Amino acid sequence: MRVIAGRAKGHPLKSPRDAHIRPTVDLVRGAIFSALESLSVDWSAALDLYAGSGALGIEALSRGAEEVDFVERNHRCCSIIKENLKHTGLAESSHVYRMEARKALRTLKKRYTLIFLDPPYFDRSGHTILAEVADSDLVGKQTTIVMEHSQKLSPEETCGNFQMIRRLRHGDTCVSIYQFAGDED
């Protein structure tokens, strides 16, 4: 696994050796960022929930995101994210939070313009996180939400004020991309 494009292009990324953690492979990451680059996406503040190795957030930083917050509950994964950030020279533009994703929705206090969700495939409650994110104070009119999921899970076309604008499929991996389509409070 490596950084695909941008200022850290080609840097290898460490990945945890855990059967429950599946880092987003280069092919899927490339498809995600190709889709994002074709859309009007604000790259100023990104959030990588269920960050794992940090590959999605690091790719965003490499491609020009101003700052990325990483949320991961696994202590070993947080250490790997920090190592990957240091190795790529992107640590200054990031924060790593060791906590549950749902706790982050209540704890973090800023709005993000880009949110990556990659909940574990085996976690049955993972399908509800999209609705929780869409209804949280972390989103606004400029937010794009990217959710990676199994093809067996089909998230709703509309979630809160967010509308699915694109779905990508690569084998068992699907990616649903949502943008704001409703009225903001």
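The values are calculated or read from the model by the stated rules, or taken from the named source; none is laboratory data. Since this is a predicted model, take the numbers as computed values, not measurements. Neighbour counts run over all protein chains shown; Cβ positions are idealised from the backbone, glycine included.
Here's the yes/no breakdown for (1) aromatic (Phe, Trp, Tyr); (2) over 22 Å from Lys141 (Cβ atoms); (3) out of contact with any strand residue (DSSP E or B) (no Cβ under 9 Å at 6 or more places or on another chain):
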| site | (1), (2), (3) |
| --- | --- |
| Pro16 | no, yes, yes |
| Asp26 | no, yes, no |
| Gly30 | no, yes, yes |
| Ala35 | no, no, no |
| Asn74 | no, yes, no |
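Considering the range 19-60, and only residues there that are small (Gly, Ala, Ser) and within 13 Å of Val175 (Cβ to Cβ), the residue that is modelled with the lowest pLDDT turns out to be Gly30.
Scan the range 121-134 and tell me whether some residue there is surrounded by fewer than 20 Cβ atoms within 10 Å (Cβ to Cβ), out of contact with any Lys or Arg (no Cβ under 8 Å at 6 or more places or on another chain) and under 19 Å from Ala46 (Cα atoms). So far as the range 121-134 goes, yes, one or more of its residues are surrounded by fewer than 20 Cβ atoms within 10 Å (Cβ to Cβ), out of contact with any Lys or Arg (no Cβ under 8 Å at 6 or more places or on another chain) and under 19 Å from Ala46 (Cα atoms). Considering the conditions (1) in contact with a strand residue (DSSP E or B) (Cβ under 9 Å, 6 or more places away or on another chain); (2) more than 16 Å from Ile115 (Cβ to Cβ); (3) part of a loop (DSSP other than H, G, I, E, B), Ile4 is excluded by exactly one of them, (1).
Within the range 139-156, residues that are under 17 Å from Leu105 (Cα atoms) sit with their Cβ atoms under 6 Å from residues that are modelled with pLDDT under 95 and small (Gly, Ala, Ser), at 6+ positions apart or across chains, in these pairs: Met147/Ser176. Summed over the range 66-83, residues that are under 23 Å from Gly6 (Cα atoms) and not in a helix (DSSP H, G or I) total 6.
Residues of the range 31-49 include none that is surrounded by 15 or more Cβ atoms within 10 Å (Cβ to Cβ), free of Cβ contacts under 8 Å to residues at least 60 places away in the same chain and in a loop (DSSP other than H, G, I, E, B).
In the range 77-95, the residue that is surrounded by the fewest Cβ atoms within 10 Å (Cβ to Cβ) out of those that are β-branched (Val, Ile, Thr) and within 12 Å of Gly57 (Cβ to Cβ) is Thr88. Taking each residue of the range 98-125 that is at pLDDT below 90 and looking for partners that are loosely packed, with under 13 Cβ neighbours inside 10 Å with beta-carbon atoms closer than 6 Å, six or more apart or interchain, yields Pro120/His20.
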